[in-house]
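Notes to accompany the following structure.
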Amino acid sequence: MIATISKTAKPAAASGAARRKTPIAGLLDAADANGETWTYVYRKEDTYTRVDHILVSRGLAAAVVGGRARIYDGPGTGGASDHRPVAVRLQFGAGRNPAPGASLSGP
């Protein structure tokens with residue numbers, strides 16, 4: 001995970017305890033088949049940046065196959081949009097396959 005989103009939990013007013021942060025989700029690391037991490041291209045200035053992400057809760061993180069997402073760079077992605085699709089493959093339960101259409105092969 002490359003970042004963590006936190007929810008600030010307020011303690012009871014009577015306790016006087018300091019505020020604490022509880023991580024609730026994180027952004028998955030992702031790359032395409034060539035190891036490139038950009039998901040958006042601004043053609044006018046020829047710049048490439050990462051603006052598209054997949055946010056995964058702590059409870060769902062264990063189901064992420066390979067621990068990362070994949071940026072799809074197959075046929076048609078260059079002309080369809082200025083963004084590239086980001087996908088994650090999930091597997092629930094021991095030895096179970098993910099649902100059909102729910103995954104892309106990772107790099």
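The values are calculated or read from the model by the stated rules, or taken from the named source; none is laboratory data. Here the structure is a predicted model, which means the values were calculated and not measured. Every residue, glycine among them, receives a Cβ derived from its backbone with ideal geometry; neighbour counts consider all protein chains shown.
Within the range 19-54, count every residue that is assigned to a strand (DSSP E or B), within 20 Å of GLY79 (Cβ to Cβ) and not β-branched (Val, Ile, Thr).
So in the range 19-54, the residues assigned to a strand (DSSP E or B) come out as 20-27, 30-31, 40-42, 47-49.
Next, only the ones that are within 20 Å of GLY79 (Cβ to Cβ) stay: 40-42, 47-49.
Okay, now just the ones that are also not β-branched (Val, Ile, Thr), so 40, 42, 48.
Qualifying residue count, the range 19-54: 3.
For the range 25-47, how many residues are surrounded by 13 or more Cβ atoms within 10 Å (Cβ to Cβ) and free of Cβ contacts under 8 Å to residues at least 60 places away in the same chain? Reasoning before the result, please.
Initially, the range 25-47 is screened for residues surrounded by 13 or more Cβ atoms within 10 Å (Cβ to Cβ), giving 25-33, 36-41.
Pick out the ones that are also free of Cβ contacts under 8 Å to residues at least 60 places away in the same chain and you get 25-27, 29-30, 36-41.
Within the range 25-47, residues that are surrounded by 13 or more Cβ atoms within 10 Å (Cβ to Cβ) and free of Cβ contacts under 8 Å to residues at least 60 places away in the same chain number 11.
Looking only at the range 1-55, count every residue that is hydroxyl-bearing (Ser, Thr, Tyr), out of contact with any Asp or Glu (no Cβ under 6 Å at 6 or more places or on another chain), within 22 Å of VAL65 (Cβ to Cβ) and modelled with pLDDT of 90 or more and tell me the total.
1
Restricting to the range 67-107, name every residue that is modelled with pLDDT under 80, closer than 19 Å to GLY35 by Cβ and either in contact with a strand residue (DSSP E or B) (Cβ under 7 Å, 6 or more places away or on another chain) or in a loop (DSSP other than H, G, I, E, B) (or both).
LEU104, SER105, GLY106, PRO107
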